[in-house]
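Working notes, beginning with the structure itself.
The values are calculated or read from the model by the stated rules, or taken from the named source; none is laboratory data. None of the values given here were measured: they were computed from a predicted structure. As a convention, Cβ positions derive from the backbone with ideal geometry for all residues, glycine included, and neighbour counts pool all protein chains shown. All accessible areas refer to the heavy atoms of the entire protein, side chains included, with ligands and DNA or RNA removed. Shrake-Rupley method; radii C 1.70, N 1.55, O 1.52, S 1.80 Å.
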Amino acid sequence: MTTLRIDNVSRWFGNVVAVNDISMTVGPGVTGLLGPNGAGKSTLINMMGGFLAPSTGSVTLDGQPIWRNEQIYRHIGIVPEREAMYDFLTGAEFVRANAELHGLGAKEAQHALATVEMEYAQDRKIATYSKGMRQRVKMASALVHEPSVLLLDEPFNGMDPRQRMQLMDLLRTMGAEGRTVLFSSHILEEVEQLAAHIEVVVAGRHAASGDFRKIRRLMTDRPHRYLVRSSDDRALAAALIADPSTAGIEVDVHEGVLRVQAVDFGRFTSLLPAVAQAHGIRLLTVSPSDESLESVFSYLVAA
Ligand code: ADP
Ligand code: MG
């Protein structure tokens, strides 16, 4: 059982709409759920994992509703974001307790600990673990019952580069084995490195989906805004507006800057110095004014 489907799903909490009419299908391999904080990623993952009911719409695994469906839970493993763990237990005890909840025993717990390479520290108390070790033990307990679907909420948060690489390798292996692996992140580079397929959510809405090339393209093809200061803003504005890579330009006399909106980012960045030089204008500063990931995301949603 490997195909997760979200069909016109909304979920609200009081009058907060966390997820707003989202539809998507997630199949075998590694998928990244990308979006800024508050986008609705955790809410989506919790609905896919059976922790939360959708307010409207349906969440299914191979056509079976997930909410309150015990038969389905055995196919799903979820690694939640929250840190609450039993610090007074050892790693082995923690994973064993989870195995028992699934009617399994020490053998399965041991196998799961080996999968995440935590056997060496399994007899230490969780309280003594690093963030990365905690993450791996959570992962082991999500894996004890060999689920075909693995959901991870912000699994790379707080990991150092080495731990990140190890976890990426592990998730890649699981995806290659034909499992459905979905992880959330607010960092494009992280998602890009690992996910064959990316789903982007922003402010509760589905913004884009595709491979990383497509998502990159969507992000770099959007209009870019620059603040430019030069020795002659008016002359520069006149020269720039003649080129089709410039979408809009404003001479801000109060601030003494030009606000330029460029459609073709690559062309504009080579055009600007060439135009300045041709007109004998000196460029004093050129700075992007909206490079935050949030603004990129909001552009995707508006598109
Ligand atoms: P993300 O994981 O992408 O940061 P969340 O799914 O946690 O986003 O949250 C989406 C929105 O729903 C946020 O505005 C958040 O404050 C709100 N929200 C999430 N869970 C609850 C809850 N249990 N009660 C009230 N509001 C919630
Ligand atoms: Mg979250």
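Some points to look at:
- Scanning region 180-195 for residues that are closer than 13 Å to T31 by Cβ and either open to solvent by less than 10 Å² (accessible area, probe 1.4 Å) or modelled with pLDDT of 90 or more (or both) gives T180, V181, L182, F183, S184, S185, V191, L194, A195.
- The residues of region 130-158 that are open to solvent by less than 10 Å² (accessible area, probe 1.4 Å), closer than 17 Å to L182 by Cβ and more than 16 Å from ligand 2 (Cβ to nearest atom), listed by number, are M139, A142, P147, V149, L150.
Yes or no, residue by residue, for (1) buried (at least 18 other Cβ atoms within 10 Å of the Cβ); (2) touching a Gly at 6+ places or on another chain (Cβ under 6 Å); (3) not aromatic (F, W, Y):
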{"position": "M1", "(1), (2), (3)": "no, no, yes"}
{"position": "L4", "(1), (2), (3)": "yes, no, yes"}
{"position": "G14", "(1), (2), (3)": "no, no, yes"}
{"position": "V17", "(1), (2), (3)": "no, yes, yes"}
{"position": "D21", "(1), (2), (3)": "no, no, yes"}
{"position": "G27", "(1), (2), (3)": "no, no, yes"}
{"position": "G38", "(1), (2), (3)": "no, no, yes"}
{"position": "T43", "(1), (2), (3)": "yes, no, yes"}
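- Selection of region 239-264 for residues being open to solvent by 50 Å² or more (accessible area, probe 1.4 Å), more than 37 Å from the chain's Cα centre (by Cα) and among the small types (G, A, S) yields only A242.
- Residues in region 265-278 that are crowded, with 16+ Cβ neighbours inside 10 Å and more than 14 Å from R225 (Cα to Cα): L271, V275, A276.
- The lone criterion from (1) away from ligand 2 (no atom under 16 Å from the Cβ); (2) in a strand (DSSP E or B); (3) surrounded by 21 or more Cβ atoms within 10 Å (Cβ to Cβ) left unmet by G57 is number (3).
- Any hit, region 94-105, residues being in a strand (DSSP E or B) and surrounded by 18 or more Cβ atoms within 10 Å (Cβ to Cβ): no
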